[in-house]
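Q: Before we start, here is the structure in question, set down as structure tokens.
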Amino acid sequence: GFVDMRAARATLSAPLLKRAAKAAIHASVREIKDFRGGDEEDFAMFPKVAVHPLLANHYVDSGPLLYVGSPHMKVHGLETPEAGKRLLNMLLAHATSPAFQYFHAWEAGDVVVWDNSQTLHQSMPYDNDGHARREYYRSQARIRPPAVAEL
């Protein structure tokens, strides 16, 4: 399934926006499930800790979005780590509510493309008696914001 993080941010209450504006996610690839088993050469391509404000703007069009990562992320900027965890859980519950979800009904030949910076996604279990075959390919592009001199 997929979750629209622009729509989720657009519907946050003013008090929740104010609270979220104080906080940021601190993440390390070393703590992300997809990177388990990586070696130091892999890890060297990323900062030791990446800091992402919970209220962010898209690199390309500056549109506002909510950045929550995943439940294991650490939130800094609030009174205590526990307060950060509570805020993260509240924002995740809001963002993953049915109003912002899309579930794709897969058919042979389907291709789905999404922007990781404004979409949460999760694979879903499916029944397979052994006769169905699924084939996945992943491609990634990293978009960097233009340098100040280019603006």
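Q: How high is the relative contact order of segment 2-151, given as a whole-number percent (alpha carbon pairs under 8 Å, six or more residues apart)? Don't skip to the end; give the middle numbers.
A: Details: 153 pairs, mean separation 48.6, N = 150.
This gives 32 percent for segment 2-151.
Q: At 1.4 Å probe size, put LYS18, LYS74 in order of accessible surface, largest to smallest.
A: Reading off the accessible areas and sorting them downward yields LYS18, LYS74.
Q: Based on Cα coordinates alone, diagonalise the gyration tensor for segment 1-147, multiply each eigenvalue by 5, take square roots, and list the semi-axes in whole Å, largest first.
A: Working through the eigenvalues yields semi-axes of 28, 21, 16 Å.
Q: Going by alpha carbons, how many degrees (0 to 90, nearest 10) lie between the helix axis of 81-95 and the longest principal axis of the chain?
A: 50 degrees
Q: Test of understanding: what is the full-extension gain from ALA21 to ASP34, defined as 0.36 nm times their sequence separation minus their Cα-Cα distance?
A: Between ALA21 and ASP34, full extension yields an extra 1.9 nm.
Q: Out of PRO64, PRO81, PRO15, any idea which swings most in a Gaussian network model of the chain, alpha carbons joined below 10 Å?
A: Per the Cα network of the chain with a 10 Å cutoff, PRO15 tops the list.
Q: Among VAL111, TYR59, LEU17, which residue has its Cα positioned farthest towards the positive end of the charge dipole of segment 1-116, with +1 placed on the Cβ of Lys and Arg, -1 on the Cβ of Asp and Glu, and the dipole taken about the Cα centre?
A: Result: LEU17, furthest along the dipole toward the positive end.
Q: For segment 1-85, what Kirkwood radius comes out of the mean inverse Cα-Cα distance, in Å?
A: Computed over segment 1-85, the radius equals 14.3 Å.
The values are calculated or read from the model by the stated rules, or taken from the named source; none is laboratory data. Here the structure is a predicted model, which means the values were calculated and not measured. With ideal geometry, Cβ positions are generated from the backbone for all residues, glycine too; neighbour counts draw on all protein chains shown. Ligands, DNA and RNA are stripped out before the accessible areas are found, and what is left, the full protein with its side chains, is counted by its heavy atoms. Shrake-Rupley method; radii C 1.70, N 1.55, O 1.52, S 1.80 Å.
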